[in-house]
Amino acid sequence: QVQLVESGGGLVQPGGSLRLSCAASGTILSIDAMGWYRQGPGEQRELVASITSGGSTNYADSVKGRFTISRDNAKNTAYLQMNSLKPADTAVYYCNAYITNVNGMRGRYWGQGTQVTVSS
């Protein structure tokens, strides 16, 4: 079974930083694009950042210049470095990845979510 496990969320003051991690495990052959989504209270889930297998990145305008997505292919792990955090960044953050398993089946996988709260 393939799964994504997220970690690194928590409570931080405005202007602070957090780093989220997303580790994929299981019968993985390859991981294509990976991304981070978030869903705030009463809000729809939105794409925060994504990264291709080749390292090309894309960011939502609201986080551009503050967040950085990266990946370590050897560890099957993606990261989201979040700096200059604002209260508006408060949300549950979800990792997402397109993964091909050892049987050649490709699917979209989601992590369980990790809470990020930005408050003074």
TODO: Taking only protein heavy atoms into account and a 1.4 Å probe, give the accessible area per residue of the chain in Å².
DONE: 52
Open item on the list: Order SER53, SER25 by their accessible area, 1.4 angstrom probe, all chains in place, largest first.
Closed with: SER53, SER25
TODO: Give me the distance in nm between label points sitting 7 Å out from Cα along the Cα-to-Cβ direction at LEU11 and ARG66, one decimal.
DONE: 2.0
Task: Environment charge at GLN81 (Cβ cut-off 11 Å; Lys +1, Arg +1, Asp -1, Glu -1) - done: +2
Task: Heavy-atom accessible surface of the stretch 25-67: percent carbon and sulfur, 1.4 Å - done: 45
Open item on the list: Please list, in order along the stretch 35-41, the HN-Hα scalar couplings obtained from phi with the Karplus expression 6.51 cos²θ - 1.76 cosθ + 1.60 (θ = phi - 60°), rounded to whole Hz, x for Gly and Pro.
Closed with: x, 10, 10, 9, 9, x, x
Open item on the list: Can you compute the modelled spin-label distance between THR57 and GLN1, with each label point 7 Å from Cα toward Cβ, in nm?
Closed with: 3.3
Open item on the list: Can you give me the long-range amide H partners of LEU85? Hydrogens built in the peptide plane at 1.01 Å from N, cutoff under 5 Å, separation of 5 or more residues or another chain.
Closed with: GLY15, GLY16
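The values are calculated or read from the model by the stated rules, or taken from the named source; none is laboratory data. In this text, all values refer to a predicted model and were calculated from it rather than measured experimentally. When we count neighbours, we look across all protein chains shown, and the Cβ atoms used for this are built from the backbone with ideal geometry, even at glycine. Accessible surface is based on the protein model in full, side chains and every heavy atom, while ligands, DNA and RNA are left aside. Shrake-Rupley method; radii C 1.70, N 1.55, O 1.52, S 1.80 Å.
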